[in-house]
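Read through the structure below, which is laid out as structure tokens, and then see the notes.
The values are calculated or read from the model by the stated rules, or taken from the named source; none is laboratory data. All figures in this text were calculated on a predicted structure; none of them were measured in a lab. So basically every Cβ, Gly included, is an ideal-geometry build from the backbone, and we count neighbours across all protein chains shown.
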Amino acid sequence: MRYTYPAVLFQKDGRIRAVFPDLPDCRTESGSWEEAEEAAEDALGTVLRAYEDYERRIPSASLSTIRSVPHGARIAYITVDTRPLRAMSRIDA
């Protein structure tokens, strides 16, 4: 499946953190803004694939309803497709 979720990226303690307001289980951090979106994409794909595997309800994305964002934060819309991720994990097995 293909999913798009908003991530809030912000700096804290010298690291760039990414959180997904709609998916409290999904968060990551990296050393730079450039790495942050890639790390967020990896985290989102991992969490959503786990939700699918365990047949958990996948919440709808709030693409336009983020209410509070820390000062200096960025919003990035992260898209992942779990089908290629699933195919790669079968090849690696």
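Any chance you could count how many residues in segment 16-35 are in contact with a Leu (Cβ under 8 Å, 6 or more places away or on another chain) and either free of Cβ contacts under 8 Å to residues at least 24 places away in the same chain or of a type in the set (Val, Ile, Thr) (or both)?
First, pick out the residues of segment 16-35 that are in contact with a Leu (Cβ under 8 Å, 6 or more places away or on another chain): 16-18, 20, 23, 26, 33.
Right, trim to either free of Cβ contacts under 8 Å to residues at least 24 places away in the same chain or of a type in the set (Val, Ile, Thr) (or both) and you get 16-17, 26.
Summing the residues that are in contact with a Leu (Cβ under 8 Å, 6 or more places away or on another chain) and either free of Cβ contacts under 8 Å to residues at least 24 places away in the same chain or of a type in the set (Val, Ile, Thr) (or both) in segment 16-35 gives 3.
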Quiz item: Are there any pairs with C-beta distances below 6 angstrom linking a residue in segment 1-15 that is in contact (Cβ under 8 Å) with a residue 60 or more places away in the chain to a residue that is hydroxyl-bearing (Ser, Thr, Tyr), with the two at least 6 apart or on different chains, and if so which?
Solution: Met1/Thr82; Thr4/Tyr77; Thr4/Thr79; Pro6/Tyr77
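Could you please find all residues in segment 24-45 being of a type outside the set (D, E, K, R) and either over 9 Å from the mean Cα position of the chain (by Cα) or at pLDDT below 95 (or both)? Outline the logic, then answer.
Looking only at segment 24-45, we keep the residues that are of a type outside the set (D, E, K, R), and these are 24, 26, 28, 30-33, 36, 39-40, 43-45.
Passing the criteria: Pro24, Ser30, Gly31, Ser32, Trp33, Ala36.
Residue by residue, here is whether (1) more than 16 Å from Tyr3 (Cβ to Cβ); (2) of a type outside the set (Gly, Ala, Ser); (3) crowded, with 18+ Cβ neighbours inside 10 Å holds:
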{"position": "Phe20", "(1), (2), (3)": "no, yes, yes"}
{"position": "Asp25", "(1), (2), (3)": "no, yes, no"}
{"position": "Trp33", "(1), (2), (3)": "yes, yes, no"}
{"position": "Ala36", "(1), (2), (3)": "yes, no, yes"}
{"position": "Asp42", "(1), (2), (3)": "no, yes, no"}
{"position": "Val47", "(1), (2), (3)": "no, yes, yes"}
{"position": "Asp53", "(1), (2), (3)": "no, yes, no"}
{"position": "Arg56", "(1), (2), (3)": "no, yes, no"}
{"position": "Arg67", "(1), (2), (3)": "yes, yes, no"}
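Residue-wise test of (1) at pLDDT 95 or above; (2) in a loop (DSSP other than H, G, I, E, B); (3) out of contact with any Cys (no Cβ under 7 Å at 6 or more places or on another chain).
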{"site": "Tyr5", "(1), (2), (3)": "yes, no, yes"}
{"site": "Ile16", "(1), (2), (3)": "yes, no, yes"}
{"site": "Pro21", "(1), (2), (3)": "no, yes, yes"}
{"site": "Ser62", "(1), (2), (3)": "no, yes, yes"}
{"site": "Ser68", "(1), (2), (3)": "no, yes, yes"}
{"site": "His71", "(1), (2), (3)": "no, yes, yes"}
{"site": "Met88", "(1), (2), (3)": "no, no, yes"}
